[in-house]
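Scroll down for the structure; my scribbles are underneath it.
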Amino acid sequence: MPFLELDTSLPAGQLPPGLAQALCAAAADILGKPAERVNVTVRSGLPMVLSGSAEPCAQLVVSSIGVVGSAEQNRQHSARLFEFLTAQLGLGPERIVIRFYPLEPWQIGKNGTVMTFL
């Protein structure tokens, strides 16, 4: 069950229509998970500083069970997510950063229990 949180200083009006849905579909493909399990949040117009600069930027946090736990996995995911984000946001790769967090099934609650028991 992947969670993606995209924060950007770009105003909402500069984001492509349907960005959250497009990110959901891309993440499903990149992470090898069904889109029905992918959760996406997009927050725009945030005051942000990346690498000491307030120029337009974005940060993506990716957390998931089983697919973001190694350097090799994240290297592959990073390349594909950067390709998606630079195309969709019109930002250079130097203005985007991605953080990966592996999750355990007991850390995600759903349907009144945790994923361990589903």
Students often get this wrong: which residues of segment 57-81 have the backbone nitrogen under 15 Å from the point 7 angstrom along Cα-to-C-beta of Ser51? 57-60
Write down the accessible area per residue of the chain in Å², having rolled a 1.4 Å probe over the full set of protein chains. 55 Å²
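For Thr86 and Arg37, FRET efficiency with R0 = 25 Å and r from the beta-carbon atoms, rounded to 0.05?
Once the sixth-power term is evaluated, E becomes 0.50.
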Taking every DSSP beta bridge that has both residues in the chain, what percent is antiparallel when rounded to the nearest 5? 40 percent
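State the extension gain, in nm to one decimal, for the chain segment bounded by Leu118 and Ala22, taking 0.36 nm per residue of separation less the distance between their alpha-carbons.
Working: separation 96, 0.36 × 96 = 34.56 nm, distance 2.73 nm.
Full extension from Leu118 to Ala22 adds 31.8 nm.
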Which distance in nm do the two modelled labels at Gln14 and Asn111 give, with both placed 7 Å along the Cα-to-Cβ direction? 4.2 nm
From DSSP H assignment alone, runs of 4+ in the chain each adding -39500 (n - 2.57), the sum over residues rounded to the nearest 500 puts [θ] at 222 nm at -9000 deg cm²/dmol
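Can I get the semi-axes of the chain's equivalent ellipsoid? Compute them from the C-alpha gyration tensor as square roots of 5 times the eigenvalues, in angstrom, largest first. Present the calculation step by step, with values, prior to reporting the outcome.
Working: eigenvalues 131, 47, 36 Å².
Equivalent-ellipsoid dimensions as semi-axes: 26, 15, 13 Å.
The values are calculated or read from the model by the stated rules, or taken from the named source; none is laboratory data. Treat the numbers as computed from the prediction; the structure is a model and nothing was measured. Cβ coordinates were reconstructed from backbone atoms using ideal geometry, including for glycine residues, and neighbour counts include every protein chain displayed. For the accessible areas, the whole protein counts, side chains as well, though only heavy atoms, and no ligand, DNA or RNA atoms are used. Shrake-Rupley method; radii C 1.70, N 1.55, O 1.52, S 1.80 Å.
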